Amino acid sequence: MVAEGGQLYTIEGVAAALIMLTTAYLVVGATAVYTPGDAHISDMQMEILGSDALKMMDTPQNFTDAKSPLRQIVENDDGPTFWKMFNNTINNRSGLFPDHIQFTANYTYRVPSDNSMNSSFLNASRNLTGGEHAVRVTKWVIVTKTLPPGAGPAQDRAVLMEVLLWRD
Amino acid sequence: MGFLVSFSFFFLALVINQSTLVGQTTAEGVIEFPKYDIRDITHVIKEHAQNNGQITDPIHADIVNVSLIRKGAVVNYTLDLAGLGHDPIIDKNNYSLIHYNNGVTEYNENWTST
């Protein structure tokens, strides 16, 4: 004779198996936004590199020369010097070949008459096409300059240097 | 017993199913924290103060307005300078209260020149 208790165990087993299958279905169907651990490391490094380069360019070269190279570049709108100095700083590395980081730089100032913003292009190693994955770095510079150009005498102003950096 | 265990697993799975898992990487956290912005803004404000700057200078309006529009950060500061705000014979130091807030990080500094 077969004991009747065995049937109950079978039913429990089948029910448990069905619940476990549903559980697996729910877990697989859960939404997970997966971010790879190394996703933003190159962005972070480029931001640090660009910020350090601008910081270095905003340091006066010696005690008697009170104006930093970056300040002189902005005051004279000296795009070629900016290109040379910034490009050397971010792209030179040990070995034969330089790095290939591209940049485009401009500085933004306030128009005193209506508090609007005006950006002045400085220089770029390549034109922006819109497809770049660029990192933006900024630096405040105090300059003695007439801003916007042609509006009264030169006075001390704070302008924001903005550089977009990307690798291609 | 097996029935009870599988039932508890089922409820745990429901919890996972209803929550959306989003990961933030360490590098993302580093980028989000405005370390360079704060260093830069306090540096330029102190430079303005050391040049015997006044709050009515265009530099103050430049920093406040350009920060808000181009950097998305609320920045403000006060200046209390020796010879301008207070008597230099009593106190030779310059003082500034600096406030920075970009919506994620807030920074306040009570600066005294040395």
Which of the residues that make up segment A:120-168 are charged (D, E, K, R), out of contact with any Ser or Thr (no Cβ under 8 Å at 6 or more places or on another chain) and assigned to a strand (DSSP E or B)? A:Arg136, A:Lys145
Considering only residues that are touching a residue at least 24 places away in the same chain (Cβ under 8 Å) and of a type in the set (Val, Ile, Thr), look in segment B:13-49 and name the one that is nearest to the other protein chains (Cβ to nearest Cβ). B:Ile41
Answer yes or no: is there a residue in segment A:70-83 that is within 11 Å of another protein chain (Cβ to nearest Cβ) and farther than 28 Å from B:Phe33 by Cα. no
Here's a check for you: in segment A:90-119, which residue that is charged (D, E, K, R) and either part of a loop (DSSP other than H, G, I, E, B) or at pLDDT below 90 (or both) is surrounded by the fewest Cβ atoms within 10 Å (Cβ to Cβ)? A:Asp114
Suppose we filter segment A:23-49 for residues that are outside any helix (DSSP H, G or I) and surrounded by 10 or more Cβ atoms within 10 Å (Cβ to Cβ); how many remain? 8
Of the residues A:Met20, A:Met85, which is in a helix (DSSP H, G or I) and either among the polar types (S, T, N, Q) or closer than 30 Å to B:Val66 by Cα (or both)? A:Met85
Of the residues in segment A:31-90, those that are under 18 Å from A:Thr138 (Cα atoms) and of a type in the set (Lys, Arg) come to A:Lys55, A:Arg71
I'd like to know if segment A:94-116 contains one or more residues that are over 15 Å from the mean Cα position of the chain (by Cα) and within 16 Å of A:Ser51 (Cβ to Cβ). yes
Do we have any residue at all in segment B:53-63 that's closer than 28 Å to A:His40 by Cβ and among the aliphatic types (A, V, I, L, M)? no
Is there any pair linking a residue in segment A:21-44 that is more than 7 Å from chain B (Cβ to nearest Cβ) to one that is outside any loop (DSSP other than H, G, I, E, B), with Cβ under 8 Å and at least six apart or on different chains, and which? A:Ala24/B:Ala13; A:Asp38/B:Ala27; A:Ser42/A:Arg167
Does A:Glu12 meet the test of being more than 52 Å from the chain's Cα centre (by Cα) and surrounded by 10 or more Cβ atoms within 10 Å (Cβ to Cβ)? yes
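The values are calculated or read from the model by the stated rules, or taken from the named source; none is laboratory data. Keep in mind the model is a prediction, meaning the values are calculated, not measured. Note that each Cβ is placed from the backbone with ideal geometry, even for glycine, and that neighbours are counted across all protein chains shown.
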